[in-house]
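Remarks on the structure that follows.
The values are calculated or read from the model by the stated rules, or taken from the named source; none is laboratory data. Remember, it's a predicted structure, so these values are computed and weren't measured experimentally. Neighbour counts run over all protein chains shown; Cβ positions are idealised from the backbone, glycine included. Only protein heavy atoms, including side chains, enter the accessible area calculation; ligands, DNA and RNA are left aside. Shrake-Rupley method; radii C 1.70, N 1.55, O 1.52, S 1.80 Å.
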Amino acid sequence: MIVLGIETSCDETGVALYDGARGLRAHALYSQVALHAEYGGVVPELASRDHVRKLVPLLDEAFAAAGLERGAVEGIAYTAGPGLIGALMVGASFARALAAAWQVPALGVHHMEGHLLAPMLEADPPAFPFLALLVSGGHTLLVAVAGVGRYRILGESIDDAAGEAFDKTAKLLGLPYPGGPALARLAGRGDPARFTFPRPMTDRPGLDFSFSGLKTHALNTLASLSGSEEDRADVARAFEDAVVDTLFLKCRRALRETGLKRLVVAGGVGANERLRAQLAALMQARGGRAYYPRPAFCTDNGAMIAYAGHCRLAAGEREDGPIRAVPRWPLDALQPPPALA
Ligand code: KG4
Ligand code: ZN
């Protein structure tokens, strides 16, 4: 089955074609980063309008790159949530309109399920079951994954998501939006021995996270310094080490508790090199393995939505009701597709 995937939940427009027989055929992506940069964060109304502008050109680009005709598409998957309501509505109505015109089924997909299944697009995908660490701009989740739609949430952030903490701390450091990659680059020049930030909630049992205190810690540390390039790099390094180490400790705890041998790391913060290296070493030491999507599929993209939609559409799942756009949607509300239940 060939599935067209459409992603518009936040500030990236993604379109992709996934083929059950031949794998990913093409993906096209447009990032709105430059549009939002001058505001220091995503402006929802601008995001919605830009998705409208980019969907058709990206669709043309994906079909041209795949060498496929429109008539080859047998199903359409779109991100139905969670995300910005206006942005979601653009992709959802576009996908459902195409599905009606082409007379193929459409299905609203959970954005975080897309992230979680993204490593399946790589050459050596993980088998079920696995532990998933989902670290994006909006979510920090540890999930025991038994199969498609079989998700048990073990821990989550009680305040800022990991990516949000990176972005807010980057802003304090005077770095442009989106802050995560810029902060990681600055941290690369920092001295890891100069400051030690706390590892929040690691001194008590449980698998939940709290990252908002680290931003305050960075603010207070910066206030006591002159703000030189060196100071800023050292603070960035201490912050990055604290987030990475906290994620590492919670993953190790979750692996011990579940006995799982495979770890999937996905979502935008999963592109962080220090995090990838530490978790790869952890899994190697435990006789298991860490799996990551390529960095371009860690951040938002259409390929992961096409893949997740394919898993469900090819198993016979269908959507008959109204167009779906769900700003808040817990991952563990999902069910396996009927044929796999
Ligand atoms: O998954 P994603 O593209 O969007 C959401 O669904 O939220 O994640 C974006 C987040 C942003 O907070 C961004 O700063 C962060 O991922 N990020 C990083 C890195 N690359 C992206 N954080 C740390 N290190 C990176 N290399
Ligand atoms: Zn995302």
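Using only the alpha-carbon atoms, how far is helix 303-313 inclined from the longest principal axis of the chain? Give it as 0 to 90 degrees, nearest 10. Helix 303-313 sits at roughly 50 degrees to that axis. Between the alpha-carbon centres of the range 263-318 and the range 157-209 there is a gap of 21 Å. Between exposed trypsin sites (Lys or Arg not before Pro) in the chain, where DSSP calls loop and at most 14 other Cβ atoms lie within 10 Å, what's the longest gap? So the longest stretch without any such site is 23-188.
For the range 249-312, the pair-distance distribution built from all alpha carbon pairs, in bins 5 Å wide starting at 0, is 4, 17, 25, 20, 16, 13, 5 percent. Excluding same-chain neighbours fewer than eight residues apart, the aspartates and glutamates reachable from residue 215 by a Cα-Cα span under 17 Å are 159, 160, 164, 167, 231, 234, 240, 241, 245.
Mean-square fluctuations from a GNM of the chain, with a 10 angstrom spring cutoff on Cα atoms, peak among 197, 211, 239 at 197.
Diffusion coefficient (Stokes-Einstein, Kirkwood radius over C-alpha pairs, 37 °C, 0.692 mPa s) for the range 1-130: 216 µm²/s, rounded to a whole number. Heavy-atom surface analysis with a 1.4 Å probe gives the chain a carbon and sulfur content of 52 percent of its accessible area. Size descriptors for the range 157-213 (Cα atoms only): Rg and Dmax, in that order, 12.6, 36 Å. The relative contact order of the chain comes to 25 percent, based on Cα pairs under 8 Å that sit 6 or more residues apart. Looking at the range 25-121, the chymotrypsin sites (Phe, Trp or Tyr not before Pro) that sit in a DSSP loop and have at most 13 other Cβ atoms within 10 Å of their own Cβ are 39. Oblate is the label for the range 72-120. Its Cα gyration tensor axes, ordered a ≥ b ≥ c, give a/c of at least 1.5 and b/c at or above a/b.
The length gained on full extension between residue 93 and residue 335, counted as 0.36 nm times the residue separation minus their Cα-Cα distance, comes to 84.8 nm. As a length-normalised measure over Cα pairs under 8 Å and 6 or more apart, the relative contact order of the range 10-118 settles at 25 percent. A Cα-only calculation for the chain places Rg and Dmax at 20.0, 63 Å.
With protein chains left intact and a 1.4 Å probe, residues in the chain average 40 Å² of accessible area per residue.
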